[in-house]
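These notes are about the structure you will find just below.
The values are calculated or read from the model by the stated rules, or taken from the named source; none is laboratory data. If you're wondering where the values come from, they're calculated on a predicted model, not measured in any experiment. Here the Cβ positions follow ideal geometry from the backbone for every residue, glycine too, while neighbour counts run over all protein chains shown.
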Amino acid sequence: MAYTPRTIKDRVAVGDDIFIVEDLGNNRIRLIPAPTHVSEAGTPVNKALLQPMEDHRFSDEHDVRYYTKSQLDPVIRTLLLDRWTRRWIGTTNDLWGVAYADDLWVAVGDSGTIQTSPDGTSWTSRTGGTSYDLYDVAYGNGFWVAVGASGKILTSTNGTSWTGRVSGTTASLRGVAYADDLWVAVGGNGTILTSTDGSSWTSRTSDTSSTLYGVAYGNGFWVVVGLSGTILTSTNGTSWTGRASGTTDNLRGVAYADDLWVAVGDSGTVSTVRDIIT
């Protein structure tokens, strides 16, 4: 006999299978196969989802019966990360950067490619008015900013209509980020540009000629990474200080979260630091 849930809190899709999240009250939920998929309860996809839950059920951390919502969420998210789907978005151009904000995905790439999507599944090609390669894109303060070859900078308020901006450089711009009321773009020949509005850009002195690939902000600091292990830091985006990275490999990306900076690069290089000294 088909199971009828008392209160449906949500539905979870894993592969082609659907599960109902039943609200049991007191922040307790139970995951069960949806009535239309009960016959599929023994499929490999369902087993892959349910086995970690079963393992946890009989651990010392559980009451042997139900999952709480806080326990279930990371299990579902971890399993979903093993189930990526390749999407056709209407171009074979290489894509270099992607960002999500304001209910929109924006991806950029070679030959001025700009693609947008509200859900990551259906994508629409946008015209940016350039054939230069675009390497990165970011969102902040109501603006999208895309950067690319030969100093190209494009801005948009909606991801659909794009406007070219004067960057003041012909160096390729490889990374861009927004935080603390400031845009920072970085690129070839040690180029660092800053802007308060995404439209007017000012060149900053980096004291390096190395190509800079990535930029991020966290805990009061801007951090830029680049060629041959280059790492620069700044508290204001204007004055920059070189740091010892401990590697000569190219560093291509950097991010900050949970009190930790992580820089990654060539040959599997991963460098971390918890404290930045001014």
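Does any residue of segment 244-259 turn out to be touching a residue at least 40 places away in the same chain (Cβ under 8 Å), in the same structural domain as TYR139 (by TED's automatic domain parsing), touching a Lys or Arg at 6+ places or on another chain (Cβ under 7 Å) and loosely packed, with under 14 Cβ neighbours inside 10 Å? Yes, there is a match, as at least one residue in segment 244-259 is touching a residue at least 40 places away in the same chain (Cβ under 8 Å), in the same structural domain as TYR139 (by TED's automatic domain parsing), touching a Lys or Arg at 6+ places or on another chain (Cβ under 7 Å) and loosely packed, with under 14 Cβ neighbours inside 10 Å.
Yes/no per residue for (1) within 27 Å of ASP258 (Cα to Cα); (2) of a type in the set (Gly, Ala, Ser):
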| position | (1), (2) |
| --- | --- |
| ARG165 | no, no |
| SER172 | no, yes |
| ALA185 | yes, yes |
| GLY188 | no, yes |
| THR191 | no, no |
| THR194 | yes, no |
| THR202 | no, no |
| THR208 | no, no |
| TRP222 | yes, no |
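Within segment 137-185, the set of residues being more than 23 Å from SER234 (Cα to Cα) and assigned to a loop (DSSP other than H, G, I, E, B) comprises GLY142, LYS152, THR157, ASN158, GLY159, THR160, SER161, TRP162, VAL166, THR170. Scoring ILE231 on the criteria (1) within 22 Å of the chain's Cα centre (by Cα); (2) under 15 Å from THR272 (Cβ atoms); (3) surrounded by fewer than 21 Cβ atoms within 10 Å (Cβ to Cβ) leaves a single failure, condition (3). If you go through segment 104-138 and keep only what is over 18 Å from GLY187 (Cα atoms) and under 14 Å from the mean Cα position of the chain (by Cα), you end up with LEU104, TRP105, VAL106, ALA107, GLY120.
One residue stands out among those in segment 88-99 that are within 17 Å of the chain's Cα centre (by Cα) and touching a residue at least 24 places away in the same chain (Cβ under 8 Å): the one that is surrounded by the fewest Cβ atoms within 10 Å (Cβ to Cβ), which is VAL98.
Checked across segment 169-176, the condition of being farther than 22 Å from LEU95 by Cβ and among the polar types (S, T, N, Q) holds for at least one residue.
Within segment 117-136, the set of residues being of a type in the set (Ser, Thr, Tyr) and either within 15 Å of SER199 (Cα to Cα) or assigned to a strand (DSSP E or B) (or both) comprises SER117, THR124, SER125, TYR135.
Before we move on, is LEU212 hydrophobic (A, V, I, L, M, F, W, C), in contact with a helix residue (DSSP H, G or I) (Cβ under 8 Å, 6 or more places away or on another chain) and surrounded by 14 or more Cβ atoms within 10 Å (Cβ to Cβ)? Yes; evaluated as a whole, the condition is true for this residue.
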